[in-house]
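Visitor: Dumping the structure here so I can ask a few things about it.
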Amino acid sequence: MTATVAAAVAAGLGGCSSDGDGGPKNGPKNGASPTPGASGASPSAPVTGTPAPGQSETPSPGTGGTGPAPSTSASAPAPSPSPPASEVTLVAVTRSGGFAGKNSTLIIKSDGSFLRLDTKAAVIDTDKLSADALAKLRTALQEADFAHLPRISRSDQPVADGFTYAFRHGGYEVAADQSKLPKPLEKVLSALPPFSPN
C-alpha cells in the first residue's frame, strides 16, 4: 500500500517545478522554440523602423532625419561689374532746328571720348576731349543741378531759325529753346565740343 501511495504522489509531482515556487515551469523544455507571444511581447507590435498604419515614413524636420536640412537663406547675387568709363555716357545733347532744320547730337562719355551723330543717328566722327576740357564740362554739369532745372523752357514767340536743345545727364532730361536757355545750361553748351566737325 505504501508503494502505491508513493507512486501516486510521484505521478502528481511530475509536472511541478522543483525551484521552490510551487508553480509550473513556464520555459520551454528540451530546447524547444518558444511559442509566439510567450516572451510577453504583443504579437501586433510593429517591427522597429516600420511606420505604424497612418504614419509617414518621411521624418519630420528636426527629428533626426538623415538628410541635410534645407537652407532657408538665399545667397545674395554677385554685384555686376561697373562698365568702363568709355561706355558710360556723361551727357548727351541734341540740337535741332536752325536754318537747315537738321538735328545734331553729341554724346560725351565719362572718359572724355565723344561721338557726333547726324539726323539719322549715324556716327559722323569720334574724338576725345582734353583733360582740362573734360574737367570744365564736369564742373558745368555739376553746377547746372539738373534735378532742379525746369524740364522744358519754351519761348512764347519762337525765334525763326532758332535752335532747340535737349540735354540728358544723370538720369534727367531737360529741353529749352535757344532764347529761353537757362544760364546753367549756357555754361554746359560752352563746355561742349562743336556739334559739327571742323
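Visitor: Got a number for residues in the range 105-148 being free of Cβ contacts under 8 Å to residues at least 40 places away in the same chain, under 22 Å from residue 180 (Cα atoms), in contact with a helix residue (DSSP H, G or I) (Cβ under 8 Å, 6 or more places away or on another chain) and surrounded by 18 or more Cβ atoms within 10 Å (Cβ to Cβ)?
Guide: So the answer is 0.
Visitor: Of all residues being touching a Gly at 6+ places or on another chain (Cβ under 7 Å) and not in a loop (DSSP other than H, G, I, E, B) in the range 159-198, which is least open to solvent (accessible area, probe 1.4 Å)? Just the residue, please.
Guide: Taking the candidates together, the pick is 177.
Visitor: Out of everything in the range 140-158 that is assigned to a loop (DSSP other than H, G, I, E, B) and not basic (Lys, Arg), what residue ends up being nearest to residue 100 (Cα to Cα)? Steps first, please.
Guide: Start the filter on the range 140-158 by keeping residues that are assigned to a loop (DSSP other than H, G, I, E, B), which leaves 145, 149-151, 154-158.
Going one step further and asking which of them are not basic (Lys, Arg), we end up with 145, 149-150, 155-158.
Numbers: 145: 32, 149: 29, 150: 27, 155: 20, 156: 22, 157: 20, 158: 16 Å.
Within the range 140-158, the match that is nearest to residue 100 (Cα to Cα) is 158.
Visitor: Right, here's the next one. Write out, first by first residue and then by second, each pair whose Cβ atoms fall under 8 Å of each other, whose residues are 6+ apart or on separate chains, and whose first residue, in the range 170-184, is farther than 20 Å from residue 158 by Cβ while the second is open to solvent by 90 Å² or more (accessible area, probe 1.4 Å).
Guide: Going by the 8 Å Cβ cut-off, the qualifying pairs are 173/151; 184/143.
The values are calculated or read from the model by the stated rules, or taken from the named source; none is laboratory data. Since the model is a prediction, treat every value here as computed from it, not as a measurement. Note: ideal-geometry Cβ built from the backbone for every residue, glycine included; neighbour counts use all protein chains shown. Remember, those area values only see protein heavy atoms, side chains included, never the ligands or the DNA or RNA. Shrake-Rupley method; radii C 1.70, N 1.55, O 1.52, S 1.80 Å.
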